[in-house]
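Single-structure report; data block below.
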Amino acid sequence: MMTRNAADSRTLSADDKKRIRKLLEHECDYIMPEKIADEFLDAGEIIEVKKWDNVISSGDMNPDIYVVIEGILRCWYWDDDREITAFFSTLPTMAINYHTYYANKPSFYNFQACTPAKLLHIKKEIFDSLVERLPEFARWNLRVAQNQLYYLELKRDLNQGKAKDKYLSLVRELPDIMNSVPLQIVASYLGITPQHLSRLRRSLL
């Protein structure tokens, strides 16, 4: 389970907000006005998550929004007796359990920290009020969602190709993953065995 205490919760500093605003500009092709971005970042509180702790576990009813400030999260599920990694979230990706947020159902996925992580935690009702009040924020969220759908389709296309192509794409698009995440988890994302991944890495050295 995610660990959290009073010392873990705090707001972003001005320097942190400036840094994250710049990162948010790369989340989609629409850039929020600075004032709107600051209102979004001021709406949450920072929590610290230990490595391998779950932010959201399968079965949880958690509709809140989490923005990765530091570290790497993975979203995974069980397929019979195998762990399948659906995707990774790196800064400043928003992590949302849509099963609860949208459909009011328990989470299907586990959202787990692959490294020590800092997240901006925003309550659903606060997030929804920003969407309702601020058209620029609603537009940004739409473009972020469309961008995420694009990358899900891209991953599906890659998974139909050769393991080498999938691996090289991951190295190119998410290089921090290869340096920070155990090989068995990377293999579960690529849909290959850890042994196959090890051989593949050796062949490309």
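One table, with the values for the structure above:
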{"quantity": "Filter pass, residue 137 being out of contact with any strand residue (DSSP E or B) (no Cβ under 9 Å at 6 or more places or on another chain) and open to solvent by less than 30 Å² (accessible area, probe 1.4 Å)", "calculated": "yes"}
{"quantity": "Cβ-Cβ under 6 Å pairs, at least 6 apart or on other chains, the stretch 176-200 side closer than 21 Å to residue 71 by Cβ and of a type outside the set (A, V, I, L, M), far side assigned to a helix (DSSP H, G or I) and modelled with pLDDT of 90 or more", "calculated": "184/194"}
{"quantity": "Qualifying positions in the stretch 163-186 - modelled with pLDDT of 90 or more, surrounded by 13 or more Cβ atoms within 10 Å (Cβ to Cβ) and within 18 Å of the chain's Cα centre (by Cα)", "calculated": "177, 180, 181, 185, 186"}
{"quantity": "Tally of residues being assigned to a helix (DSSP H, G or I) and either modelled with pLDDT under 90 or not β-branched (Val, Ile, Thr) (or both) across the stretch 1-30", "calculated": "13"}
{"quantity": "In the stretch 72-81, residue nearest to the chain's Cα centre (by Cα) [restricted to those that are over 11 Å from residue 109 (Cα atoms) and open to solvent by less than 20 Å² (accessible area, probe 1.4 Å)]", "calculated": "73"}
{"quantity": "Matching residues in the stretch 60-74 - criterion: being charged (D, E, K, R) and within 10 Å of residue 119 (Cα to Cα)", "calculated": "70"}
{"quantity": "Per-region count, the stretch 40-64, residues of a type outside the set (Gly, Ala, Ser) and either open to solvent by 40 Å² or more (accessible area, probe 1.4 Å) or touching a Gly at 6+ places or on another chain (Cβ under 7 Å) (or both)", "calculated": "8"}
{"quantity": "Residue list for the stretch 19-30, restricted to those being free of Cβ contacts under 8 Å to residues at least 24 places away in the same chain and either more than 22 Å from residue 140 (Cα to Cα) or open to solvent by 50 Å² or more (accessible area, probe 1.4 Å) (or both)", "calculated": "19, 22, 25, 26"}
{"quantity": "Matching residues, the stretch 123-149, being touching a residue at least 40 places away in the same chain (Cβ under 8 Å) and under 14 Å from the mean Cα position of the chain (by Cα)", "calculated": "144, 147"}
{"quantity": "All positions within the stretch 82-132 that are under 16 Å from residue 148 (Cα atoms) and open to solvent by 50 Å² or more (accessible area, probe 1.4 Å)", "calculated": "87, 91, 98"}
{"quantity": "Failed criterion for residue 92 (all others in (1) outside any loop (DSSP other than H, G, I, E, B); (2) within 20 Å of residue 142 (Cβ to Cβ); (3) in contact with a Leu (Cβ under 6 Å, 6 or more places away or on another chain) hold)", "calculated": "(1)"}
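For every residue, the table says whether it meets (1) farther than 26 Å from residue 49 by Cα; (2) among the aromatic types (Phe, Trp, Tyr); (3) part of a helix (DSSP H, G or I); (4) at pLDDT 95 or above.
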site: 112; (1), (2), (3), (4): no, no, no, yes
site: 138; (1), (2), (3), (4): yes, no, yes, yes
site: 142; (1), (2), (3), (4): yes, no, yes, yes
site: 153; (1), (2), (3), (4): yes, no, yes, no
site: 157; (1), (2), (3), (4): yes, no, yes, no
site: 161; (1), (2), (3), (4): yes, no, no, no
site: 195; (1), (2), (3), (4): yes, no, yes, no
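The values are calculated or read from the model by the stated rules, or taken from the named source; none is laboratory data. These numbers come from a predicted model, not from an experiment. Virtual Cβ from ideal backbone geometry, glycine too; neighbours counted across all protein chains shown. Heavy atoms of the whole protein, side chains included, go into the accessibility calculation; ligands, DNA and RNA do not. Shrake-Rupley method; radii C 1.70, N 1.55, O 1.52, S 1.80 Å.
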